[in-house]
Every structure is written in structure tokens, then in C-alpha cells.
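Here the structure comes first, spelled out in C-alpha cells, and everything after it is commentary.
The values are calculated or read from the model by the stated rules, or taken from the named source; none is laboratory data. Predicted model only: the values in this text are computed from it and were never measured. Glycine gets a Cβ as well: all are built from the backbone with ideal geometry, and neighbour counts include every protein chain shown. Ligands, DNA and RNA are stripped out before the accessible areas are found, and what is left, the full protein with its side chains, is counted by its heavy atoms. Shrake-Rupley method; radii C 1.70, N 1.55, O 1.52, S 1.80 Å.
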Amino acid sequence: VLALNGKIKEVGEKIFASNGKEVDFESALESCEEVGGTLATPTNEEENKAILDIVKQYNRYAYLGIREGEISGQFSYIKGMPLNYTKWHQYEPNGKGTEKCVEMYTDGSWNDKKCNLHRLTICEF
């Protein structure tokens, strides 16, 4: 269960929170959905910064609620909507279908990554 002990950021209509746990993508998504949220999904610079604040507090990369679809190199929100905002690290995404998940680096930029690695769980409500 997600314990909200101090790691909360509010931006506009969204609240971002982390339980500090590092798990694979599916487990992170499940734990967010169990508490009525979803994986943190930045749709603008302000939201990206709020998620980055949590990433920096833990000094850990975090999965984002973004996934590669059937078409290699085409990413969308986990709800299926196309991305309206991106913050890819230089030369990313470069997984070409082998790295279907997206992580946030400690500088706020994004990288496509395999989904079975353990990354920080940050949920949005």
C-alpha cells in the first residue's frame, strides 16, 4: 500500500506521490492502480518538474506512465493517448522496439528502457 509520508507534489489538477519502492514497470503500475491512481505521466514542463523533484529526493530513476506501442519508436501514454509533451534525453529513444518503457533520469530527461528493471514508483492522482 502506498504510504504518503512526505513525498507528495501537487501541480494543477494532479498530485504526484511516491512510496520509495523500486519495482518493475508492471508492479509499479499495479501498485498505483490499487490505490486509485496511475503511474506518473508528465503532460507539460510543470508536471515533469514536479516528478523530477521526487526523483531527486530519492536520487533514483523512475518509470513514467508512457509506453512504446506496436510501432517501433512510437510512444504513447499508458491510457493510449498520443504524447503531447516529451523530454527525451539526447539521442533517445533508441531502443527500437526492445525498450518499451520510459524512465526519468535525475536531470528530468527521459530514456526508453526495458520494463523488467527496478525503478522508483511514482503515482499520480
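Scanning region 45-97 for residues that are in contact with a strand residue (DSSP E or B) (Cβ under 6 Å, 6 or more places away or on another chain) and assigned to a helix (DSSP H, G or I) yields Glu46, Glu47, Ala50, Ile51, Asp53, Ile54, Val55, Tyr58. Among the residues of region 17-44, those that are assigned to a loop (DSSP other than H, G, I, E, B) and closer than 13 Å to Val102 by Cα comprise Asp24, Ala40, Thr41, Pro42. Within region 96-107, the residues that satisfy the criterion of being touching a residue at least 24 places away in the same chain (Cβ under 8 Å) and either open to solvent by less than 10 Å² (accessible area, probe 1.4 Å) or of a type in the set (S, T, N, Q) (or both) are Cys101, Val102, Glu103, Met104, Thr106.
Checked across region 28-49, the condition of being within 15 Å of Cys123 (Cβ to Cβ), of a type in the set (A, V, I, L, M), free of Cβ contacts under 8 Å to residues at least 24 places away in the same chain and surrounded by fewer than 18 Cβ atoms within 10 Å (Cβ to Cβ) holds for no residue. Within region 63-77, none of the residues are within 12 Å of the chain's Cα centre (by Cα), touching a residue at least 60 places away in the same chain (Cβ under 8 Å) and open to solvent by less than 60 Å² (accessible area, probe 1.4 Å).
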